[in-house]
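The values are calculated or read from the model by the stated rules, or taken from the named source; none is laboratory data. Here the structure is a predicted model, which means the values were calculated and not measured. Note that we place each Cβ from the backbone using ideal geometry, even for glycine, and neighbour counts take in every protein chain shown.
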Amino acid sequence: MTAPILRLSDVSRTFGTGDGAVHAVRSVSFDVAAGECLAIVGESGSGKSTLANMILGIYPPTTGEIALEGTVLPARRALAHRQAIQLVQQNPLSSLNPKRSIGATLRLALDVHGIGAPADRAAIVGALLEEVGLAAEYARRAPAALSGGQRQRVAIARALACQSRVVVLDEPTSALDVLVQARVLRLLDALRAERGLTYIFITHDLSVVRNIADRIAVFEKGRMIEIGDTETIFSAPSQTYTRRLISAVPVITGDELALRDKLAAHTKEDAP
Amino acid sequence: MSAPMLDIRDLHLSFKGHTGLTEVLHGISLHIQPGERVALVGESGSGKSVTARIVLGLLQDLPSARITGQVLFDGRDLELMSSRARHALRGTAMSMIFQDPTSSLNPVFRIADQFHDVLRRADPSVAKAAAHDRAAAILAEVSIRDAQRVLNAYPFQLSGGMNQRVMIAMALANEPALLIADEPGTALDVTVQAQTLQLMRRLVEDHHTAVLFISHNLGVVREFADRLYVIYKGRMVEQGPTDAVFADPRHPYTRALMAAVPHLTGGGIPEIAEASPDFAAPLVDHEAEAPS
Ligand SMILES: Nc1ncnc2c1ncn2[C@@H]1O[C@H](COP(=O)(O)OP(=O)(O)O)[C@@H](O)[C@H]1O
Ligand SMILES: Nc1ncnc2c1ncn2[C@@H]1O[C@H](COP(=O)(O)OP(=O)(O)O)[C@@H](O)[C@H]1O
Ligand SMILES: [Mg+2]
Ligand SMILES: [Mg+2]
């Protein structure tokens with residue numbers, strides 16, 4: 001097996017000290033293979049965003065190490081490290097400068113990371129927009145003039161502009177309508193294959209995870225209680241908590257109901 | 001068939017802005033029988049919340065809103081009522097549950113005081129002690145065992161799921177004939193959402209409350225509603241019993257919506273075409289076509 005692109009070794013994060021300390025993430029270790037989509041699932045407050053922030057270098061772990069392609073990342077990251085790992089968040093409006101046109105936002109990412117010859121950058125912006133399914137004329141628009149799905153495409157284009165290899169997606173489609181969600185998920189799937197991207201896909205939506213992730217890590221109260229390939233987590237989850245999460249998902253087909261009922265029945269057997 | 005609890009007929013709504021009138025509801029009709037649970041499903045901006053706000057009488061007094069058509073609540077035409085009379089209905093004969101429980105409760109009052117206010121809307125003379133007892137009883141109905149602690153708490157001291165149960169209890173405290181739930185629990189974890197929906201369903205069944213249940217989530221709708229309407233850009237496109245619509249969605253928009261839902265059993269992310277002109281096709285009414 002090739003070396004993992006990302007390795008977390010015994011990573012913890014505590015906020016505050018003494019009695020009031022919050023152990024947001026506790027001793028988490030896992031490897032992510034290049035080109036893989038690893039989903040992080042768990043209820044709110046389980047530590048998903050804290051984990052994402054540490055991977056992105058927004059703040060360092062309290063203890064433990066994060067390594068990118070075998071190199072342990074320092075608390076203060078070099079530009080190249082920041083370039084390699086990019087974020088797409090639930091509400092891209094908060095990360096897009098409202099005064100900057102879409103084209104200027106993408107151009108800035110190219111300038112900061114020195115991507116392409118300066119004379120070529122306008123053309124690269126056009127190509128990036130096309131790659132995420134937006135017409136070139138969107139370059140002139142302001143973020144406010146875009147729909148939620150279009151903004152999410154711009155956020156994805158910015159991650160591509162940086163030529164990042166790892167993309168952390170924090171609830172990327174949770175605020176989108178179901179038709180728009182399906183289109184954005186397909187785009188993400190296609191880009192991963194074409195560009196060989198690695199995804200850390202954070203979501204509470206297990207139906208989405210089932211259809212997009214290779215592996216799933218389940219978080220409960222800061223602990224990773226289970227990790228495995230998607231097929232196994234759904235057909236034979238080892239933890240009661242995981243079964244509870246899956247059996248609470250609202251579903252629409254008879255097959256889904258059967259799956260849920262099967263898992264719910266196991267959960268009852270587990271009960272003391 | 002008994003008279004409907006809510007009967008909306010050919011409802012149009014426009015907003016006046018600096019570029020003139022913009023119509024957002026293009027003549028929708030919807031009815032709910034007493035005790036019936038009816039869902040209104042559609043994407044964001046399709047007109048779900050404005051419909052709810054008209055039924056609650058909240059848009060009628062907005063100067064920029066132009067409303068035509070009929071809204072009959074228990075046989076009475078809301079448009080013909082004074083704004084005071086409409087106001088008197090809210091929180092008594094009809095009530096509402098919003099998306100985010102914690103921010104729809106008043107943060108500066110204890111739950112007990114908020115219950116007292118709610119109960120006073122129906123009975124202005126209700127004493128504090130009596131309100132307290134009534135609140136404890138209805139909290140028990142939403143499976144809150146330590147009602148005293150909850151009543152003495154402020155909303156921020158309770159979890160989101162607990163606040164949601166409190167909201168449900170408050171909304172049903174005056175035994176309304178109609179409950180409007182606009183995306184209830186969307187802000188909660190799925191496990192909590194599933195529990196509170198079950199509680200709400202049991203409660204409205206026990207109290208024979210009619211419900212207008214607004215949601216963009218087809219799975220939630222399937223589990224909660226007897227009958228559903230699909231709305232697309234201010235037009236009803238399909239209506240029928242929940243099982244019939246899920247078994248045989250006939251309108252192109254409903255079909256696209258259902259095809260786009262990712263399944264817990266896998267199958268991949270479907271390819272979804274751009275909005276099609278077919279989405280503007282006329283209403284498919286499962287009941288009009290079925291022999292009765
Ligand atoms: N900056 C912070 N300061 C204090 N506590 C925090 C901070 N960020 C997160 N937490 C706490 O850490 C826990 C995990 O939060 P988070 O990682 O945001 O969870 P999730 O994204 O799974 O909802 C929660 O209890 C949260 O309140
Ligand atoms: N007060 C208002 N003034 C102008 N337009 C409004 C107002 N409230 C809602 N709208 C518009 O009406 C349409 C329907 O909105 P709404 O009912 O909130 O949609 P949803 O189905 O997401 O609940 C949207 O296009 C919205 O922008
Ligand atoms: Mg989070
Ligand atoms: Mg709404």
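For the condition in a loop (DSSP other than H, G, I, E, B) and in contact (Cβ under 8 Å) with a residue 40 or more places away in the chain, what is the one hit in B:Thr265, B:Thr186? Before you say what the answer is, go through the steps one by one.
Numbers: B:Thr265 fails: in contact (Cβ under 8 Å) with a residue 40 or more places away in the chain.
Step by step, each of B:Thr265, B:Thr186 is checked, and only B:Thr186 is in a loop (DSSP other than H, G, I, E, B) and in contact (Cβ under 8 Å) with a residue 40 or more places away in the chain.
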Unique match (being buried (at least 18 other Cβ atoms within 10 Å of the Cβ) and within 8 Å of chain A (Cβ to nearest Cβ)) among B:Val261, B:Val284, B:Val237, B:Val245: B:Val261
Selected residue (criterion: nearest to ligand 4 (Cβ to nearest atom)) from residues of the range A:23-40 that are among the β-branched types (Val, Ile, Thr) and either in a helix (DSSP H, G or I) or touching a Ser or Thr at 6+ places or on another chain (Cβ under 7 Å) (or both): A:Val25
Any hit, the range A:11-30, residues being at pLDDT 95 or above, under 19 Å from A:Gln163 (Cα atoms) and in contact with a Gly (Cβ under 9 Å, 6 or more places away or on another chain): no
Residues of the range A:15-64 classified as hydroxyl-bearing (Ser, Thr, Tyr) and near ligand 1 (Cβ under 9 Å from one of its atoms), total: 5
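Out of A:Ile66, A:Ile58, which single residue is away from ligand 4 (no atom under 16 Å from the Cβ), within 27 Å of A:Leu191 (Cβ to Cβ) and part of a loop (DSSP other than H, G, I, E, B)? Reasoning before the result, please.
Working: A:Ile66 fails: part of a loop (DSSP other than H, G, I, E, B).
Criteria check complete, one pass: A:Ile58.
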Residues being surrounded by 17 or more Cβ atoms within 10 Å (Cβ to Cβ), away from chain B (no Cβ under 12 Å) and within 19 Å of the chain's Cα centre (by Cα) - total across the range A:226-267: 2
The one condition in (1) crowded, with 16+ Cβ neighbours inside 10 Å; (2) in contact (Cβ under 8 Å) with a residue 24 or more places away in the chain that B:Ser44 fails to fulfil: (1)
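Check every one of the helices (runs of 4 or more DSSP H) wholly within the range A:172-272 and list those with 2 or more residues that are among the basic types (Lys, Arg) and over 30 Å from A:Leu68 (Cα atoms). It would help to see each step written out before you state the result.
Numbers: elements: A:178-195, A:206-212, A:230-235, A:240-247, A:254-270.
Per the criteria, A:240-247, A:254-270.
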First in the range B:48-63 and within 14 Å of chain A (Cβ to nearest Cβ), second anywhere and within 13 Å of ligand 4 (Cβ to nearest atom) and hydrophobic (A, V, I, L, M, F, W, C), Cβ under 6 Å, 6 or more apart: B:Lys48/B:Leu40; B:Lys48/B:Ile214
Single residue of the range A:2-48 satisfying the filter (within 14 Å of another protein chain (Cβ to nearest Cβ) and among the polar types (S, T, N, Q)) that is farthest from ligand 2 (Cβ to nearest atom): A:Ser46
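For A:Gln163, are the conditions met, namely being farther than 18 Å from A:Leu6 by Cα and either touching a residue at least 12 places away in the same chain (Cβ under 8 Å) or at the interface with another protein chain (Cβ under 10 Å from one of its Cβ atoms) (or both)? Please lay out each step first, then the result.
Numbers: farther than 18 Å from A:Leu6 by Cα: no; either touching a residue at least 12 places away in the same chain (Cβ under 8 Å) or at the interface with another protein chain (Cβ under 10 Å from one of its Cβ atoms) (or both): yes.
Answer is no for this residue.
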Residues satisfying the stated conditions in the range A:1-22, i.e. assigned to a loop (DSSP other than H, G, I, E, B) and either of a type in the set (A, V, I, L, M, F, W, C) or under 14 Å from the mean Cα position of the chain (by Cα) (or both): A:Met1, A:Ala3, A:Ile5, A:Ala21
Subset of the range A:184-203 that is within 9 Å of chain B (Cβ to nearest Cβ) and surrounded by fewer than 22 Cβ atoms within 10 Å (Cβ to Cβ) - its residue that is nearest to ligand 1 (Cβ to nearest atom): A:Asp189
Some residue of the range A:136-153 being without any contact (Cβ under 8 Å) to a residue 24 or more places away in the chain, within 13 Å of chain B (Cβ to nearest Cβ) and either of a type outside the set (Val, Ile, Thr) or part of a helix (DSSP H, G or I) (or both): yes
Residues of the range B:204-214 satisfying the condition of being under 13 Å from B:Leu172 (Cβ atoms) and either within 14 Å of chain A (Cβ to nearest Cβ) or over 15 Å from the mean Cα position of the chain (by Cα) (or both): B:Glu205, B:Asp206, B:His207, B:His208
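Determine if the range B:192-204 includes at least one residue that is within 16 Å of ligand 3 (Cβ to nearest atom) and part of a helix (DSSP H, G or I).
Step one: list which residues in the range B:192-204 are within 16 Å of ligand 3 (Cβ to nearest atom), which gives B:192.
Now narrow it down to the ones that are part of a helix (DSSP H, G or I): B:192.
Taking every residue of the range B:192-204 in turn, at least one turns out to be within 16 Å of ligand 3 (Cβ to nearest atom) and part of a helix (DSSP H, G or I).
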